[in-house]
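Read the structure below first, then the notes.
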Amino acid sequence: MADSGRYFFASDVHIGSASDPDNMAEKRFVAFLNSLPDDTAGLWLLGDIFDFRVEYRDVVPKGGIRALGALVALADRGVSIHYVCGNHDWWLTDYMEKELGAEIIRERYVIREIGGLRICLGHGDGLGRRSLAERFIFRLFRSRVCIALLKALPPRWIFSFARAWSASSRKRHSGYVFKGEEDPLWKFAEQLSRTERVDAFIFGHLHYRVEAFLPRGERFFVLGDWSTEGPFLNLSGMYISGRLLPKMDM
């Protein structure tokens, strides 16, 4: 599709979460995907679309079939899909690449030219100054040895453990409030903006919506989660807007 098409950004749907037994987040997400306009050129999924997902060579994990079907329909329309792995769905392999033609991104962040803007995109975990424990967990979950051990265990053990871990993590981090200039993501973006030309930063991970300006004037966005409503950003031409955010001229 032409560069003038629309681009959309979403994260933190957490499909399959034990805290969402009625799959309301997935239903909202599917409705969003089905509503994307005909001139949609690209969809950026910035991590944790699934509450937990690990892919095997011959096995497709249960759940999320409606979301996958909606993504397939978008891919068949010619929409480019870019999936940045988050801390809950880091273990994707090549399933979505083969079935959707999606680009799977495992870097902590990338800078891309989108709609004439240079945008820094990432899930958000592992960026900025983190505690020693957080840095250890970040590296452990991404190590090849850990991934090999993970896939060697029976899937039912892995998914049972993952659901318990996810519920515990959500309980620990519930009520998170963005720390502004002291937040690790803000510090990362501010530091990067000193050496790279970036028009906007878009992250997820915090389950807390943020819309702000960095000191040098760059846009700074953090997408919320889908536990109540579906927050997303839309980039089209020279503006970024969102269903729950006001229109802003770039």
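The values are calculated or read from the model by the stated rules, or taken from the named source; none is laboratory data. From a predicted model like this one, the values you see are computed outputs, not experimental measurements. So basically every Cβ, Gly included, is an ideal-geometry build from the backbone, and we count neighbours across all protein chains shown. Accessible surface is based on the protein model in full, side chains and every heavy atom, while ligands, DNA and RNA are left aside. Shrake-Rupley method; radii C 1.70, N 1.55, O 1.52, S 1.80 Å.
Computed quantities for the displayed model
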| read-out | value |
| --- | --- |
| Order of exposure, largest accessible area first, which applies to PHE9, PHE188 with probe 1.4 Å | PHE188, PHE9 |
| Cα-based reach from LYS187 at 18 Å (exclusive), listing aspartates and glutamates while leaving out same-chain residues under 8 positions away | ASP125, GLU134, GLU196, ASP199, GLU211, GLU218 |
| Ranked order, ARG163, ARG139, ARG6 - accessible area, probe 1.4 Å, largest first | ARG139, ARG163, ARG6 |
| Residue-by-residue Karplus 3J(HN,Hα) for the range 148-161, coefficients 6.51, -1.76, 1.60, Hz, glycine and proline x | 5, 5, 4, 6, 7, 7, x, x, 5, 5, 5, 5, 5, 5 |
| Solvent-accessible heavy-atom area per residue, rounded to whole Å², over the range 9-131 at 1.4 Å | 41 |
| Förster radius 25 Å - calculated FRET efficiency between ASP76 and LYS27 (Cβ-Cβ, nearest 0.05) | 0.70 |
| Inter-label distance for PHE178 and LYS151, nm, one decimal - labels placed 7 Å from Cα along Cα-to-Cβ | 3.7 |
| Dipole of the range 1-129, positive direction: furthest Cα of ALA73, THR93, LEU127, with charges on the beta-carbon | LEU127 |
| HN-Hα J in Hz across the range 219-226 - Karplus 6.51, -1.76, 1.60, θ = phi - 60°, x for Gly and Pro | 6, 9, 10, 10, 7, x, 9, 9 |
